[in-house]
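These notes are about the structure you will find just below.
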Amino acid sequence: MKLLDIIDKKRRGGTHSADEINALIRMAGTGEAKDYQLAAWLMAVCTMGLNLDETAWLTQAMVESGRQLDFSHLKGVIVDKHSTGGVGDKTTVALVPLLAAVGEEAGVKVAKLSGRGLGFTGGTIDKLESIPGFETALSNERFADQLADIGMALSSQTADLAPADATLYALRDVTATVESIPLIAASVVSKKIAAGASVIVLDIKYGSGAFMKNREEARELAATCREVGKRLGRRISTVISGMDQPLGLAVGNSLEIQEIVDLLNGRGPKDLESLCIVLGAAAIQQAEDLAGIHNTDMSVEERLRDALNDGTALAKFQHWVVAQGGNPAFLTDAAQLPQAERIIDIKANQAGYIASLDALSIAQAAKLCGAGRVEKNAPIRLAVGVKLHKKIGDAVQIGDILAELHLDSPDVTPDEQGAIASLSAAFSFSDSPVTPPPLLDEIVV
Ligand code: URA
């Protein structure tokens with residue numbers, strides 16, 4: 001089978017066979033398919049699309065391109081939750097201990113492989129590295145042992161898992177071919193299946209701070225992921241959530257860990273808490289179905305809320321941090337986390353109501369100051385970030401603090417000047433009251 005014919009077929013809008021997709025992914029793995037040929041095929045897919053059969057075959061081929069984790073020797077249900085990426089999205093770190101706390105009876109084991117931030121979105125591994133001593137690169141053996149011992153483990157994703165996705169994703173990132181629904185679905189679902197989970201919950205974001213810019217695209221992506229999961233023998237739950245404004249109040253690695261501690265003390269921002277409860281409920285409900293448990297005394301949501309308020313989830317967080325080598329002192333003393341040297345207040349120069357709060361501008365401000373990376377593997381500044389005081393719908397007076405910019409350099413640099421401008425421009429005002437946009441859209445468990 002000739003690669004050129006495969007590319008040409010898609011360029012003309014043809015439909016691939018499973019053999020053609022398998023051949024393409026095999027050639028990508030051996031290097032027989034050159035980057036420019038794969039890029040041409042990706043662009044053809046972006047404009048011509050893939051149907052559900054083709055998307056499922058691509059997903060399966062990507063799963064089979066590398067190692068597949070198998071935790072079948074462990075008793076219990078392996079749970080994984082994934083977000084398509086947003087601004088201030090720290091739900092993964094909060095959900096690991098929360099799910100472990102509430103899912104004990106169903107034998108839930110939270111097995112999470114995460115990445116670093118790239119582009120404007122933050123990365124779970126970077127956030128966790130704000131915790132002194134926390135180890136994010138666990139060996140396979142240690143990962144499995146920790147899952148068996150404490151029911152939760154999180155590590156950086158290794159290169160041998162769905163390597164074809166890593167090859168294609170790196171090309172998509174530099175050829176404007178990221179935003180294709182079948183390519184995103186195959187990329188996300190292949191990694192989740194290769195990572196060995198039997199319960200998969202996807203948080204699909206839409207809005208200015210997300211890959212999907214509107215809810216229709218997000219719904220299509222969710223439906224595609226669910227159907228591809230079904231064809232590959234996995235039930236996938238999807239939650240669609242808005243990302244027009246950041247989630248919670250903190251954006252930036254160390255600041256987000258502090259906000260998680262607040263949440264696990266029952267004092268988290270309401271939007272973050274609601275999303276964690278909805279995602280957590282989808283995961284626990286699936287796990288309990290699989291384990292044949294029907295707990296009718298209390299709803300899953302009530303049990304999750306209790307775990308946030310009674311310290312159970314916080315205790316699990318401490319357990320997890322210690323298991324991965326971290327110093328848990330930050331749980332009672334936030335000063336143990338990296339702290340900013342300077343805080344610049346961004347103040348309102350008009351009164352009214354916050355009409356919009358552009359998530360992308362906030363992310364760009366944090367990234368300009370060093371909270372995110374411009375190139376893969378570049379170092380980042382863990383203490384840097386944005387703490388919001390106002391969100392959409394809030395009333396403001398002239399001089400009120402809208403947001404704090406946390407910096408760790410002694411003098412304001414030109415990039416930081418740009419960040420201050422970006423942060424100020426993120427807010428727009430209205431004279432009349434504003435209803436905040438809905439956080440949650442479609443939930444399919
Ligand atoms: N996240 C992924 O893992 N893959 C994509 O294609 C987009 C977001």
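Brief remarks on what is shown
- The H on the amide N of MET212, modeled in the peptide plane, is under 5 Å from the matching H of GLY207, each at least 5 residues off or on a different chain.
- Based on C-alpha pairs under 8 angstrom that are at least 6 apart in sequence, the stretch 375-416 has a relative contact order of 44 percent.
- Heavy-atom accessible area order for LEU290, LEU42, LEU69, largest first, 1.4 Å probe: LEU290, LEU69, LEU42
- When the chain is treated as a GNM with alpha-carbon contacts under 10 Å, the residue of GLU288, GLU216, GLU256 showing the greatest mean-square fluctuation is GLU216.
- Carbon plus sulfur fraction of accessible area for the stretch 185-277, probe 1.4 Å, in percent: 46 percent
- Measure of compaction for the chain (Cα Rg per 2.2 N^0.38 Å): 0.98
- Applying both filters, DSSP loop and at most 11 other Cβ atoms within 10 Å, to the trypsin sites (Lys or Arg not before Pro) of the stretch 1-71 gives LYS2, ARG12.
- Computed across the stretch 306-445, the Kirkwood hydrodynamic radius from all distinct Cα-Cα pairs reaches 17.6 Å.
- Among ILE240, ILE184, ILE150, residue whose mean-square fluctuation peaks in a GNM of the chain (springs only between Cα atoms under 10 Å): ILE150
- Relative to the 2.2 N^0.38 Å rule of thumb, the stretch 1-148 has a C-alpha radius of gyration ratio of 1.33.
- Structure-based [θ]222 nm, the chain - -39500 (n - 2.57) summed over DSSP H runs of at least 4, per residue, nearest 500: -14000 deg cm²/dmol
The values are calculated or read from the model by the stated rules, or taken from the named source; none is laboratory data. Everything quoted here is computed from the prediction, not taken from an experiment. Cβ sites come from the backbone with ideal geometry, for glycine too, and all protein chains shown count toward neighbours. For the accessible areas, the whole protein counts, side chains as well, though only heavy atoms, and no ligand, DNA or RNA atoms are used. Shrake-Rupley method; radii C 1.70, N 1.55, O 1.52, S 1.80 Å.
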